[in-house]
1. From the list Leu143, Leu149, which residue is closer than 16 Å to Ala197 by Cα and under 18 Å from the mean Cα position of the chain (by Cα)?
2. Identify the residue in segment 15-48 that is surrounded by 18 or more Cβ atoms within 10 Å (Cβ to Cβ) and of a type outside the set (A, V, I, L, M) and, among all such residues, is modelled with the lowest pLDDT.
3. Looking for something small (Gly, Ala, Ser) and part of a helix (DSSP H, G or I) - is there at least one such residue anywhere in segment 29-36?
4. Go through Ala103, Ala114 for me and flag whichever is outside any helix (DSSP H, G or I), surrounded by fewer than 17 Cβ atoms within 10 Å (Cβ to Cβ), assigned by the TED database to the domain that holds Ala169 and of a type in the set (A, V, I, L, M, F, W, C).
5. If you scan segment 73-99, which residues turn out to be over 22 Å from His140 (Cα atoms) and free of Cβ contacts under 8 Å to residues at least 12 places away in the same chain?
6. Looking at Thr129, Thr62, Thr89, can you tell me which residue is farther than 25 Å from Glu226 by Cα and of a type in the set (Val, Ile, Thr)?
7. Given the options Pro70, Pro145, name the one that is touching a helix residue (DSSP H, G or I) at 6+ places or on another chain (Cβ under 7 Å), under 30 Å from Ile36 (Cα atoms) and without any contact (Cβ under 8 Å) to a residue 24 or more places away in the chain.
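The values are calculated or read from the model by the stated rules, or taken from the named source; none is laboratory data. This is a predicted model, so every value here is computed, not measured. All Cβ positions, even for glycine, are placed from backbone atoms using ideal geometry, and neighbour counts span all protein chains on display.
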Amino acid sequence: MKRLSILLLALFPLVAHADEAAIRKAFAERYAKMPIKSVTATPIPGIFEVYGGGQLIYVDETGNHLLMGPLVDTRTRNNLTQERMQVLTAVKYDSLPFDKAIAIVKGKGERRIAVFSDPDCPYCKRLETELSKMDNLTVHLFLMPLADLHPQAVGISKDIWCSADRAKAWSAYMLEGKKPESGKTCENPIEAIAALANDLGIAGTPAIVLPDGRRLDGAVPAAKLEAMLDKPVEAKIEAK
């Protein structure tokens, strides 16, 4: 690790300030599909973090040299990349547009989570099985069909949204495989949710948001969710 640190310092010049404009220009020219949300200095002189598209990578001040992988503080053994991602991906829970979500109430529903989910995503179905084990929980379900992976998911999502009982239609499809009634048309929030997910850096499903701002990806076990809900943290949230 020490050799790597010495090599990095030898390869990249030391600068007093980040040339954010140069970095943004370089990325716009070479990585047009990766929208940059932020450019921030790291503890290593001359190296800056670039966050965008749900990714955190490192570059020199010109944007000409790129590093990928975790940045570790060898003194504390802390994974600085992981720590920064927790900050960068944190979400202001109460700012979410709950009018665009399906509220699924379990028991008293006093605890809350938000879930971005695709009806045809296998891991989303697995997560639903885990959530079915939990009580006293309100799930704010945001329909996020990934059409490139699951071509039928958009239609299923629309049918669920247009159902008389959205929560029941969702649970029946995810847990029992019962398709919702088709043919109904209504205004739906699917495009708006896709835009929201993009703004939050959510690219895959399922994605879970906890009330304290923390984000989790994948089919998280019920026991882990229970533990995290019972022990919230004061999340550091950067403005998005």
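1. The conditions single out Leu143.
2. That would be Phe27.
3. Within segment 29-36, the first condition is being small (Gly, Ala, Ser), and the residues that meet it are 32.
Of the ones still in play, those that are also part of a helix (DSSP H, G or I) are none.
Looking for residues that are small (Gly, Ala, Ser) and part of a helix (DSSP H, G or I), one finds none in segment 29-36, hence no.
4. Details: Ala114 fails: surrounded by fewer than 17 Cβ atoms within 10 Å (Cβ to Cβ).
Criteria check complete, one pass: Ala103.
5. Result: Arg75, Thr76, Arg77, Asn78, Asn79, Glu83.
6. After applying the criteria, what remains is Thr62.
7. Values: Pro145 fails: without any contact (Cβ under 8 Å) to a residue 24 or more places away in the chain.
Among Pro70, Pro145, only Pro70 is touching a helix residue (DSSP H, G or I) at 6+ places or on another chain (Cβ under 7 Å), under 30 Å from Ile36 (Cα atoms) and without any contact (Cβ under 8 Å) to a residue 24 or more places away in the chain.
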